[in-house]
Each structure stands twice: as C-alpha cells, then as structure tokens.
Amino acid sequence: MLMSMWKISDRETALFMQTFYGYLFDGADVHTAFRQTQRDMSQQLGPYYWAAFVLQQ
C-alpha cells in the first residue's frame with residue numbers, strides 16, 4: 001500500500017504517482033520504483049512533497 005502521511009497537493013501527488021508507476025511499468029520492483037521516485041522528486045522539490053509518501057507491504 002502506498003499512502004501519504006499528510007495532505008499533499010494534487011499536482012505533486014500526481015507527479016509522484018506518474019513517476020512511481022512509470023518505473024513499475026518499466027520493470028522495476030515496488031521497492032526500487034518507490035526509492036527511485038523519492039530520489040527523482042528530491043531533486044525537484046523539498047522533502048515536504050516527497051517524504052510524505054510511505055510504502056507499506
């Protein structure tokens with residue numbers, strides 16, 4: 001389950017999800033896709049926008 005710990009704007013949430021699912025569709029496993037998405041987002045945005053997301057399995 002992928003969820004956010006606090007409310008994030010729709011724009012940043014959509015960016016996170018598009019990036020995450022892009023990695024999944026390209027063949028990455030869930031954990032790799034999640035971590036790479038966080039890294040990508042951290043290069044563009046502050047931690048408020050990407051650190052809110054957590055992956056629970």
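Only a single criterion out of (1) surrounded by fewer than 16 Cβ atoms within 10 Å (Cβ to Cβ); (2) under 12 Å from the mean Cα position of the chain (by Cα); (3) polar (S, T, N, Q) is not satisfied by Thr19, namely (1).
Taken together, the criteria place Tyr48 among residues that are surrounded by fewer than 14 Cβ atoms within 10 Å (Cβ to Cβ) and in a helix (DSSP H, G or I).
The number of residues in the range 22-38 that are of a type outside the set (Phe, Trp, Tyr), surrounded by 11 or more Cβ atoms within 10 Å (Cβ to Cβ) and over 9 Å from the mean Cα position of the chain (by Cα) comes to 5. Sub-6 Å Cβ pairs linking a first residue in the range 1-25 that is part of a strand (DSSP E or B) to a second residue that is of a type in the set (Phe, Trp, Tyr), at least 6 apart or interchain, are Ser4/Phe53, ordered by first then second residue.
Each value in this text was obtained by applying a stated rule to the coordinates, not by laboratory testing. Only a predicted model underlies this, so the values are computations on that prediction, with no experimental measurement involved. Note that each Cβ is placed from the backbone with ideal geometry, even for glycine, and that neighbours are counted across all protein chains shown.
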